[in-house]
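Structure, as structure tokens:
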Amino acid sequence: MARVTVEDCILKIPNRFELVLLSSQRAREIGSGAVLTIDRDNDKNPVVALREIADETIDLDSLKENMIKGYQKVIEVEEDEEDVIDLMEGEGDTEEFDDMELIADEENLEAGGMHEETGEEKDDLDDDGIAGTEEENDLK
């Protein structure tokens, strides 16, 4: 790159880091087929980008916007307010689901032949609520 080109660009964009970002963005645009605003003169894309910035033949604000959009990882999507309100209304219903889970757990214990308080099989509990097999309970 010609030193004269960089020095001319510093007058337009005083921050060197911003100059590097903008010129590289423009060089990528040129490489992907963007229309040149100056003659190429057998120069490579980064030099052409710097010459365009120095000659002010491109709009720097639109170049900045394109650069920002290129680096964004999250694409902003506008949601309808009604959708957000509907989602917010459903947040208070968690108590109902908690009660339903407790009932389902109790039903599963009973269906599986389990005792609610201890979680042990109903057949294994004797009259005193002591666990053991029928043979062991008969011996007692």
Handout entry: Qualifying positions in the stretch 38-58 - outside any helix (DSSP H, G or I) and under 16 Å from LYS12 (Cα atoms)
Key = GLU56, THR57, ILE58
Practice task
Could you run through the stretch 1-56 and say how many residues are under 35 Å from the mean Cα position of the chain (by Cα) and of a type in the set (Asp, Glu)?
Solution key: 2
Practice task
Identify all residues within the stretch 12-30 that are hydroxyl-bearing (Ser, Thr, Tyr) and touching a Leu at 6+ places or on another chain (Cβ under 9 Å); write none if there are none.
Solution key: SER23
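Coordinate-derived values only; no laboratory data. Just so you know, these numbers come straight off a predicted model, no measurement behind them. When we count neighbours, we look across all protein chains shown, and the Cβ atoms used for this are built from the backbone with ideal geometry, even at glycine.
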